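Note sheet for the following structure.
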Amino acid sequence: MIPEYLLRAVLASIMVSVLLGMLSPLINAKGLAFLTHALFHALLFGAVLGMILGLLFENLSLVMLTALAVTVTVVLIIAQLEKAGFSPDSAVGIVASFVAGLTVLGFGVLYKVMADRPYFPLSQSIVSYLTGEIFLITLNDLTALVLGGALLFFTMLFLYRDFLYLSFDPEGVESYGGNARAYLTILYVLVGAIGALIVQTVGLITLQVVAVLPGAIALMVSSDVRKVLAVSLLLTLAVQLSSVVLAYFTDIPPSGLATIMLGVIYGVLLFRR
């Protein structure tokens, strides 16, 4: 008999694999790896702010909602700075440094709020947010992941060809009447929204690795777009499911196992070139 928490973890891993498997090639093709660094800061600040609100209103579901709102706002600000003439690296660096300062201030406020409450089940939320303890995912979390993931998946699927054209020939997109800036903004929002949606299952510490490496590995294996997408999807699914199974028997956080697997595969391919 399969334990219910293991079944929830497997279902969550499948949803995460589909989202990351499709998103990772776009991150690598468009050169958005540095954007995921800003995403890390935004998610951490959003989590801290969400925990403060969760403590005040005694509702920890506010953590994910707040993180989502903060992350989408941050990536929109980055997109606006690029539109104003800043380079992508400069826009990310400016916003990331500002958000990092807000995060430190947020931790100070969080400690003060926690001091006024002798007990509140916050530690479990912090651990699952940072390390991606997928076995702690609840039925409500899984429902939100599946419904939100389906919406993001179909949005990304509908615009995937446009995102690919944007990555390789933005001038061509403009010449055919497309709005390259609008597509880029939508892509930024998708990166932020997917990150906020899956961070509790993947883990904030390892999110950047699992978002970038599958696509990077796929691009090392093939240059054909369809093969790259297939490799990224299958690799992400295999790694996520394997890490869950191994974690079930070893009690090691699955996010750490997934990161090590991807790192080993990337390293082997890199040395064989």
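The values are calculated or read from the model by the stated rules, or taken from the named source; none is laboratory data. Computed from a predicted structure; not experimentally measured. Here the Cβ is made from the backbone with ideal geometry for all residues, glycine too, and neighbour counts use every protein chain on show. Quick note on the areas: whole protein, heavy atoms, side chains included, nothing else; ligands and nucleic acids left out. Shrake-Rupley method; radii C 1.70, N 1.55, O 1.52, S 1.80 Å.
Restricted to the range 1-57, and to residues that are assigned to a helix (DSSP H, G or I) and β-branched (V, I, T), which residue is farthest from V221 (Cα to Cα)?
If we take residues in the range 1-57 being assigned to a helix (DSSP H, G or I) and β-branched (V, I, T), then I52 is farthest from V221 (Cα to Cα).
What pairs can you find where one residue is in the range 93-110 and without any contact (Cβ under 8 Å) to a residue 40 or more places away in the chain, the other is part of a helix (DSSP H, G or I) and open to solvent by 30 Å² or more (accessible area, probe 1.4 Å), and their Cβ atoms are less than 8 Å apart, with a gap of 6+ or different chains?
I94/L81
Exactly one condition in (1) at pLDDT 85 or above; (2) farther than 25 Å from L159 by Cβ; (3) in contact with a Pro (Cβ under 8 Å, 6 or more places away or on another chain) is not met by L60; state its number.
Evaluating L60 over (1) at pLDDT 85 or above; (2) farther than 25 Å from L159 by Cβ; (3) in contact with a Pro (Cβ under 8 Å, 6 or more places away or on another chain) leaves (1) as the failure.
So L166 clears everything in (1) under 30 Å from G267 (Cα atoms); (2) modelled with pLDDT of 80 or more; (3) of a type outside the set (K, R) except one condition, right? Which one?
(2)
In the range 1-18, what residues are more than 11 Å from V146 (Cβ to Cβ) and not aromatic (F, W, Y)?
Residues satisfying the conditions are M1, I2, P3, E4, L6, L7, A9, V10, S13, S17.
Please verify whether I205 is surrounded by 15 or more Cβ atoms within 10 Å (Cβ to Cβ) and of a type in the set (V, I, T), treating the condition exactly as stated.
Yes.
Listed residues L197, L269, L237; which is surrounded by fewer than 15 Cβ atoms within 10 Å (Cβ to Cβ) and either touching a residue at least 12 places away in the same chain (Cβ under 8 Å) or in contact with an Asp or Glu (Cβ under 6 Å, 6 or more places away or on another chain) (or both)?
L269
Could you tell me which of the residues L60, L76 is of a type outside the set (K, R), surrounded by fewer than 21 Cβ atoms within 10 Å (Cβ to Cβ), assigned to a loop (DSSP other than H, G, I, E, B) and at negative phi?
Selected residue: L60, the only one of L60, L76 that is of a type outside the set (K, R), surrounded by fewer than 21 Cβ atoms within 10 Å (Cβ to Cβ), assigned to a loop (DSSP other than H, G, I, E, B) and at negative phi.
Could you please give the count of residues in the range 240-255 that are part of a helix (DSSP H, G or I) and open to solvent by 30 Å² or more (accessible area, probe 1.4 Å)?
The qualifying residues number 7.
Modelled with pLDDT of 85 or more and either within 19 Å of the chain's Cα centre (by Cα) or in a helix (DSSP H, G or I) (or both): is that true of F153 in this structure?
Here the answer is yes, as F153 does meet what is asked.
Please specify each residue of the range 256-273 satisfying the condition of being small (G, A, S) and either outside any helix (DSSP H, G or I) or closer than 24 Å to I2 by Cβ (or both).
Answer for the range 256-273, where residues must be small (G, A, S) and either outside any helix (DSSP H, G or I) or closer than 24 Å to I2 by Cβ (or both): G256, A258.
When you look at A84, is it open to solvent by 30 Å² or more (accessible area, probe 1.4 Å), hydrophobic (A, V, I, L, M, F, W, C), out of contact with any His (no Cβ under 7 Å at 6 or more places or on another chain) and closer than 20 Å to A144 by Cα, yes or no?
In short, no.
Considering only residues that are out of contact with any Pro (no Cβ under 6 Å at 6 or more places or on another chain) and among the polar types (S, T, N, Q), look in the range 106-150 and name the one that is modelled with the highest pLDDT.
Residue satisfying both the conditions and the ranking: T143.
So which residues in the range 26-40 are under 19 Å from V231 (Cα atoms) and open to solvent by less than 10 Å² (accessible area, probe 1.4 Å), if there are any at all?
L26, I27
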